[in-house]
Each structure stands twice: as C-alpha cells, then as structure tokens.
Amino acid sequence: MKMFETRKRKSTMAAMALIIALGSSLTACSGNANNAGTGSTGEGNAAGDNDSVKQEAPVTIKIMSDFTIAQPPSADNPIVKEFEKNTNTKLDITWVSGANWTDYVDRINVVLSSGDLPDLLKLNDVTNPLFQQMVYQGVFWDLTPYLKSYPNLMTYPESVWNNTSIDGKNYVIPVARPLNGFVFTNIRKDWLDKLGLEVPKTIDDFYNMLKAFKEQKPDGKADTYGYTMRGHEVLDGVFTNSNGRWKDIGGELIDANFDPGMREAILFKKKLFDEGLIPPDFSVMKDSQFWDLATTGRAGATAETIEAQFRWTYDQWKRDPQVDWLPMSTLTYKDGPYAPEYRGYIGVLAIPKKVSEEKMKKILSLLDFGASEEGGTLSLYGIKGVHYNEENGMKVATEQAVVDSVGVGAFGKLFMRYDPYMYAYAPGMTKEIFDRNKQVIDERAKVAKPDVAIGLVSETDIKLGADYTKKMADMKTQVIMGKAKIEDWDKLIQDIQNDANYKKITEEINRAYKERLALTQ
Amino acid sequence: MNSNIAKLGRKSRTQEKARSRGLWPDIRRDRYLYLLALPGILYFLVFKYVPMWGVVIAFQDYSPYLGILHSKWVGFEHFIRFFSNPDFIILFRNTMMISFLNLLFFFPLPILLSLLLNEVTHHAFKRTIQSIVYLPHFLSWVIIVGISFLLLSQSSGIINMMLQWAGFASYDFLTNKDTFWALLTIQNIWKETGWGTIIILAAITSVDTQLYEAAKIDGASRLRQTWHITLPAIRNVIIVLLILRLGHIMDVGFEQIFLMMNGAVTDVADVFETYVYRNGIQNGQFGYSTAVGLFKSIVGLILVIIANKLAKKFGEEGVY
C-alpha cells in the first residue's frame, strides 16, 4: 500500500517536473500563484502534509554543488528523494568534484563567466573576484530582508553571517561548519606512549617529539620522518599568533608575513628540513603522498580536521589496530596557547536574480529545512534504520550510508545544521574517541584565534595580490629547502612592504575591516 | 563591337568571360570543387576568424556579465601594466630559454632518428621500432609527469632509492632550479621525438632511388649517401618545420610546466602560459590575460615572417 502510494506520487512528480521544464519562464507566473501560499510562510511544506504535496507542483530547483567523496550521489538517491518529499521540490543537482579545490574554483569561474547560472550555486567564498563583480552588477539576490524568516538558518553563528556579507548585506547563505575542530596538527599518540613522551605543549616540545619519532624508531623502522608537512601553514599561525593572512595589531591589520614570527616559523621549518624531520621534497608532494607517509607509519605528525583524520585512522586500523592519531588541542610559541578558529563555513550559496522571488523563497526554505534538526540529520546521517542505527546515543552508520553518499562529503556541502561538535565525529568512531575529540574542541574553543579578515575584499588585491602571495610562498619554500637564504626573505619582505601597490592593498583591507566593524557592531 | 565579339569562337569566348568577369563564373564552373572546400572554409570562419574578434577584450576592462559590447575600453592599459611588471623579464627569459633548449636539443632529434630508421633494412624490425617510438606521444602530460614523480621523488622515488642503496646522497631532481629546464627538455624529447619522425620519414621515402644507385656506383658510403643525397633532399621539409616551430616559440606547453612547477622552482618555471592561467582563469582578469596572449601571438607571427623571408633569401621555399 505504502509502496503504491510512493510510486504514484513519484510519477505525478515526474510529470509535473516535465511540465515545468517545458514551460520554463512562461509558466513562472502560474507556478508562483500555486506556490505563493507555501513559499511566503518561509517554512515550506511541513513534513507529512501529504495531501497538499499531491496537489501542488513541486518546484524544480537546479543546483550546482561540490562533492569530495569517490562517487557523487546518483540521480535516484533516497536522500534527495526525502528532501524533495519534505520540501515539495524537484532537485536537479549537478555534483562537481571538489576533491581538488582549485579545480572547483576554476569551474565556478567558468560557470559565472558563461552567464548560464543554476538556481542555486555553491561558491568557494564571497571573496571570489568574479562573484563580487557580478554582485555589484546586480546579478544575485540580496537576501538580507528575507533571511530573518528562516529560524534554522539563523542558528548559524553571527560571525559567519557577518563574514559572508558584502557591504553589510547578505548575498549568500553560508554552508555552516563548526568554528572548531578544523585543520590543526595531529600526532601519533601510540608512539608518544611507546617512547614515554608527554603530549607536546610548546613548539620546542613539538620539535623534540618529531626528533624522537625519527631517531628512536617507535615502529622499529628507520624510515620515519617526523612531520609530513601537510598543511604546514598551521605552524605559521602558531609562530605569528594569528590566523590567516592578516593580523590585527591594535585595530590595524598587517600582513602576517611581515610579523617577526613568520621569520621564526620559516627558520623552524628550515631546521626540520636540515635535520631530515620532514620529507625533502614536501614542496612537490601531492595530498595522496602526504597521506601515504602518514598512514604507513612513515610520519608521526600531520595536519587535518579531527573528523577527516579519524577516517584515515579507521582505514589504518585494518592493518594496525593500535594506531591512535590524537588531534592536538593547542600549541604555544610565545603568546600562550594557540589554536586557529575555522571560518565556520565550507562555502557559500548564491541565488541569481533571474530566479523569481517566490522560487528564491522556496530555495531558502529548502536550505532552512537542511539546517533543521530533521534535515541536518538526513544530510549527515541519512534515514534511521537504513543509513544509521542508534547505539548508546551515537549514530552508527550502516554500509548503505556509504552507498548513498550520506555525510559531509556530498550532502553536507549543501545542507547543514549548525553543530559545534560536528568535526568530533566520523563513522566508525568509538565513544571514547568521540568524547576525547569533544574535549579537544572545547579546549581549542577557549583560545581559538579567528581569522579577522575573512570575507574582506581589496580591489587591488584581487588584481595584483595573488602574485605577491605566490612570491612570498615560493620564497618560504626556497628558504626552508636551503635554496635561498633567510636574508633573501628579509629583502623580499622589505621590498613588498615598500611597494606602492602593496601599501594600497593594506589600506583597502583596513578600510574594509573598519567598515565592517562599524556595520556589525 | 558586340557582334565582333560574338564572331569569336565559343570556347575562347567563355574563357574570355571567365577572366574578365572575375570570380562568379569561375565558381559556377567549378561549383563541385568549391562545394567540397566549403566545409573547410566555414570551419575556419566560424571557429578561427569569428572568435579572433575576442582579442578586443585585451583593450577592455572586460566583465563577462557586461560582455564585449558593454565593457569599458581602457586602451593599452593592460599592455603597459604587463611590460612594466618586473616579472615580465623573468617570464620572457624562462619562456625563451625553455623554447630555445627545445629547439637546440629536441628539434634535430626526430631528423637524426629518421635517418637512423631509414638505414634499417629489416622491414619488420623497423616497423616495430617505429610503433614503439610513437607510443609516448599518446600519453598525456599528466601521466608523464606522474611517472617522473614516481621515478624522481626524494622521499619515495625509485631512482633516489637506488642512489641511496648504492651509497650516494639522494638528488633533488624535481626541486632543483639548475636542472629544471634540462628535465623539461628531456621529458619533451622522450614524449615527442618518435612522433616527429613521421613527417621526416615521409619526406625521405620520396627521394629518388636512382640517386642512391648512382652514388653507389660512384663508390659513396652509407654516410656519404645520407649526407649528400638524403639530407639535401629533405632540407625543404626541415626548413618548413623550423619556420612553423618558430611561430610557436612562445608556446612552451602549459600542461607540462604547470604540472612540473612547484614552489622551489617557480623562478625558472613560470612562463607566459602559467601566468595567463593564474591571472585569467584564477583571478578572472580576462582582459589582462588576453593582452598577454596577444603579445605572445604577435611575437610568434613576427618570427614566422622573419624566418620565412630569410628562408626565401637563401633560395628555399618557405611556408607561403
């Protein structure tokens, strides 16, 4: 009986979708009239209100989003069906691989410049230069007046909304992520225990640990490096006691590269390089190679989010169940314990103006459903009994969850409920590890440094900034590898500090920073 | 007057008409030949000449949303910015050096290999070798760079592992500025030498065999035959290839360099193409990167014209 019902609904939905697709803009008026009742309430159709679902035509929404798992969700994915059922929509999602982030950004730029935009577009960030241009040309909806009616979306931290605004207005909906639990150093706790070492607190402890990993052969082999060098920019943060490219010194932003701490960070990494504590060709290594080192016992420290690190651990358990990767809470250089705070969103969603107001509201209510308890669970864990089972208060994923691409790798790039402990959990995790991770997150949250310049834009930086950034990054690599001297770095920094264009970049960023502070306080 | 002309023979009259009235009668007479050429002409019009107008964005502050018609005109601003950029010299040097090394070491190799293959008398053996040397051409750069990394990486590369077993220190092939250009050239030689022999071998087969027979009777050795008969006979082909190659002197192969580039070698690896990619695609500065591309094409065009003139001056045929 139930099956029969679903099937019937499916075919009506398909027929409706077809009609909408054929009529496209011509039917927009009548479509609006049909949906006006549900759209304007902002809540969309409440789940289970099946009669009204049957009567109204589901709205087709074209979406482009990214995924980072092996396979994108298929067209007949049950999670998609569930979302459609709950929001009376027909989702036409183009999943684009975001495994290589710069490739996805290239792809976004191509889509933006083609002008053929989907109804809902996932962008890397509001700072995307092309997107900014188009916002000023009025291509996208200003969502500021509408957002208030979507309570679940409003649970996202205020800083996230502020950081994704342009001139104080919200042209995008962030796809939320927790502020803590993101990429920081992770270490082999089982090796530390074997060598009788404490979990490092300071940079010196960290160095001694790496040295011990290399020299004292915790796994009985001599082929160990200390640190993979994956995400080694986190160490720059420790040394400069700041997060990201700009550091706030007394209300004034300066490039963190000009901070004396950065020089120390370079010298520290150079020491690691000279003593063979990092792979000699880290600058050419691909992500998979870093992971090869980390998961084959050839390195005892790496950097990743707490959640992703566990996925690797889980994989490694098949070969060695003793492996224990511990996410570090903090590291101290001079100014007390440091941990970086994440920007709190993995990307942003924009709706072009060519989408009608009613449909735009429909899209917002779809995202609002995704940010609700029900929708968020659906996105991250799937359907109870099919994709997960509850065991001592933890959701344990089934095989089917992998088959249907449940989780942060695909649906979580689009639909997300704000959960500060999201990064603490990954499928297969034991209760002890989950609790330990939550503790780490709490500890990080106490000191976490936010990136003060997220979402700030400087026109000159868009035009010329990339070259400076690249030059500095390349020089760092060269000094670390002994292919250039630290004096060369000093000279480069001095040149850039005196560069008229770079001064302009700094001025513009500071202006944007102050404007935002004025608008949001 | 007219009647006078009318008295002329029918045949000569039509010929006269065709000559004096220009193209149309000509087209009517050879309509099927022209019909055959039509797809080709259309192809060049639609895919080559029409898009060429896109270069006007080199003089615009181009925004994709406004399009070519509504974007602001900025004159030579992009060119001024490009030439006054201190990186211009580095990009120019890298591009020219990589191209020059390819010209010097890669360009003669297909000729040499063709001459060697030509001397092979065992037919099946020759065919097998030919097929084997063509193969690398069909591998994409992604695969070749991947193989290079597997072989040359310091932490897990086979060559460095062998060096270390043999008691030597590992060598930083991939991150060494001094050997980077050589590495690129060697990769290019490995990939394209075999493919390059196709045209040369075709040219060699067209050499009149009587010349070799005559030379043999005169007592010329294999080497002398090659030097005095084969090489002069294919000289024209070599020169045409050289001129065409000069036209591409600023194209050093984006994929290869982009994939091989890393922080340690950017000083020697950054070329116009990677620069255009970074500024155009990644930063959305379409106008500026088009200006850079236009500059590249103009340099190529000038070189082709000069090389062609020189070739003609020395009594060769050239490309046009």
(request) Compute the Cα gyration tensor for the range B:85-313, then decide on rounded, prolate or oblate, letting a ≥ b ≥ c be the square roots of its eigenvalues: rounded whenever a/c is under 1.5, prolate when a/b is larger than b/c in the other cases, and oblate in all that remain. (result) oblate
(request) Using a 1.4 Å probe and ignoring any ligands, DNA or RNA, find the accessible area of A:Thr155 and quote it in Å² to the nearest 10. (result) 80
(request) Sort B:Tyr275, A:Tyr146, B:Tyr32 from largest to smallest accessible area, using a 1.4 Å probe on the heavy atoms of the protein chains. (result) B:Tyr32, A:Tyr146, B:Tyr275
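For chain B, which whole percent of the accessible surface, found with a 1.4 angstrom probe, sits on carbon and sulfur atoms?
So the carbon and sulfur contribution to the accessible surface is 69 percent.
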(message) Quick check: from the Cα gyration tensor, does the protein assembly as shown come out rounded (a/c under 1.5), prolate or oblate?
(response) oblate
(request) Keeping every protein chain in place, order A:Lys122, A:Lys85, B:Lys313 by accessible area at 1.4 Å, biggest value first, i.e. largest first. (result) B:Lys313, A:Lys85, A:Lys122
(request) Within the set of other residues whose C-beta is less than 12 Å from the C-beta of A:Ser329, count the net charge using Lys and Arg as +1 and Asp and Glu as -1. (result) +3
(request) Would you work out if the range A:419-521 is rounded, prolate or oblate? Take a ≥ b ≥ c from the square roots of the eigenvalues of the alpha-carbon gyration tensor; rounded if a/c is under 1.5, else prolate when a/b is larger than b/c, oblate otherwise. (result) oblate
(request) Quick one: which residues, 5 or more positions from A:Val59 or on another chain, have an amide H under 5 Å from its amide H? H modelled 1.01 Å from N in the peptide plane, none for Pro or chain starts. (result) A:Thr89, A:Lys90
(message) Which residue, B:Gly196, A:Ser379, A:Pro118, has the largest displacement toward the positive end of the dipole of the protein assembly as shown when charges sit on each Cβ (Lys, Arg +1; Asp, Glu -1)?
(response) B:Gly196
(request) Could you state the angle between the C-alpha long axis of helix A:431-447 and the longest principal axis of the C-alpha atoms of chain A, as a value from 0 to 90 degrees rounded to the nearest 10? (result) 70
(request) Step through the residues of the range A:300-310 one at a time and calculate ³J(HN,Hα) from phi using the Karplus curve (6.51 cos²θ - 1.76 cosθ + 1.60, θ = phi - 60°), rounding each to whole Hz and writing x for Gly and Pro. (result) x, 9, 8, 9, 5, 5, 4, 5, 5, 4, 5
(message) Through the Karplus equation 6.51 cos²θ - 1.76 cosθ + 1.60, θ set to phi - 60°, convert the phi angles of the range A:263-275 into ³J(HN,Hα) values in whole Hz; use x for Gly and Pro.
(response) 4, 5, 4, 4, 5, 4, 5, 4, 4, 4, 5, 4, 8
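Less than 12 Å Cβ to Cβ from A:Ile505, Lys/Arg counted +1 and Asp/Glu -1: what total charge do the surrounding residues give?
Every neighbour counted, the sum reads -2.
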(request) Could you please report the charge total around A:Ile278, scoring K, R as +1 and D, E as -1 over all other residues with beta-carbon less than 11 angstrom from its beta-carbon? (result) +2
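Quick one: which of A:Lys194/A:Lys214; A:Lys169/B:Lys72; A:Lys85/A:Lys362; A:Lys270/A:Lys504; B:Lys191/B:Lys312 span more than 22 angstrom between C-alpha atoms?
A:Lys169/B:Lys72; A:Lys270/A:Lys504; B:Lys191/B:Lys312
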(request) Would you tell me the accessible area of A:Val386, worked out with a 1.4 angstrom probe on the heavy atoms of the protein chains, in Å² to the nearest 10? (result) 70
(request) Can you list which of the GluC sites (Glu not before Pro) found in the range A:185-285 are DSSP loop residues with at most 11 other C-beta atoms within 10 Å? (result) A:Glu198
(request) Please list the non-local residues whose amide H lies under 5 Å from the amide H of A:Arg230, H modeled 1.01 Å from N, same-chain partners needing a gap of 5 or more. (result) A:Ala303
(request) Tally the DSSP beta bridges in chain A and give the antiparallel ones as a percent, rounded to 5. (result) 65
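Kirkwood hydrodynamic radius (Cα pairs, Å) of the range A:287-392?
For the range A:287-392, the Kirkwood estimate is 18.3 Å.
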(request) Provide a list, ordered by number, of residues in the range A:452-476 showing at least 50 Å² less accessible area with every protein chain present than when their chain is taken on its own, using a 1.4 Å probe. (result) A:Lys463, A:Asp467, A:Lys470
(request) Report the accessible surface area buried between chains B and A, summing both sides, using a 1.4 Å probe on protein heavy atoms only, in Å² rounded to the nearest 100. (result) 2700
(message) Using a 1.4 angstrom probe on the protein heavy atoms only, could you order B:Trp53, A:Trp95 from most to least accessible area?
(response) B:Trp53, A:Trp95
(message) Suppose all protein chains stay in the model; what accessible area per residue would a 1.4 Å probe give for chain A, in Å²?
(response) 43
(message) Leaving out ligands and nucleic acids, and using a 1.4 Å probe, what accessible area per residue does chain B come to in Å²?
(response) 61
(message) Can you list the residues in the range B:148-189 whose accessible area drops by at least 30 Å² when all protein chains are present, compared with the chain alone? Use a 1.4 Å probe, heavy atoms only.
(response) B:Phe149, B:Gln154, B:Ser155, B:Thr175, B:Lys177
(request) For the range A:308-387 and the range B:48-89, write down the distance between their C-alpha centroids in whole Å. (result) 41
(request) Just read off the accessible area of B:Asp208 with the full protein assembly in place, 1.4 Å probe, to the nearest 10 Å². (result) 80
(request) Would you mind telling me the share, in percent, of accessible area of the range A:459-520 contributed by carbon and sulfur at probe 1.4 angstrom? (result) 51
(request) Using protein chains only (no ligands, no nucleic acids) and a 1.4 Å probe, work out which residues of the range A:269-308 have their accessible area cut by at least 50 Å² relative to the chain alone. (result) A:Asp281, A:Val284
(request) Taking only Cα atoms and a 10 Å spring cutoff, compute GNM fluctuations for chain B and point out the largest among B:Met260, B:Met96, B:Met52. (result) B:Met52
(request) Work out from phi, with θ = phi - 60° and the Karplus expression 6.51 cos²θ - 1.76 cosθ + 1.60, the ³J(HN,Hα) of each residue of the range A:448-453, listed in order in whole Hz, and give x for Gly and Pro. (result) 3, 8, x, 7, 6, 9
(request) Let me know the whole percent of all Cα-Cα pairs from the range B:125-168 that are separated by more than 15 Å. (result) 59
(request) List every residue whose amide H lies under 5 Å from the amide H of A:Thr332, counting only residues 5 or more places away in sequence or on a different chain, with H placed 1.01 Å from N in the peptide plane. (result) A:Thr202, A:Ile203, A:Tyr338
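The values are calculated or read from the model by the stated rules, or taken from the named source; none is laboratory data. This one's a predicted model, so the numbers in the text were calculated from it and none came from an experiment. Methodologically, a virtual Cβ is constructed for each residue, glycine included, from the backbone with ideal geometry; neighbour enumeration extends over all protein chains shown. The protein model used for the area step is the full one, side chains on, heavy atoms only, and it has no ligands, DNA or RNA in it. Shrake-Rupley method; radii C 1.70, N 1.55, O 1.52, S 1.80 Å.
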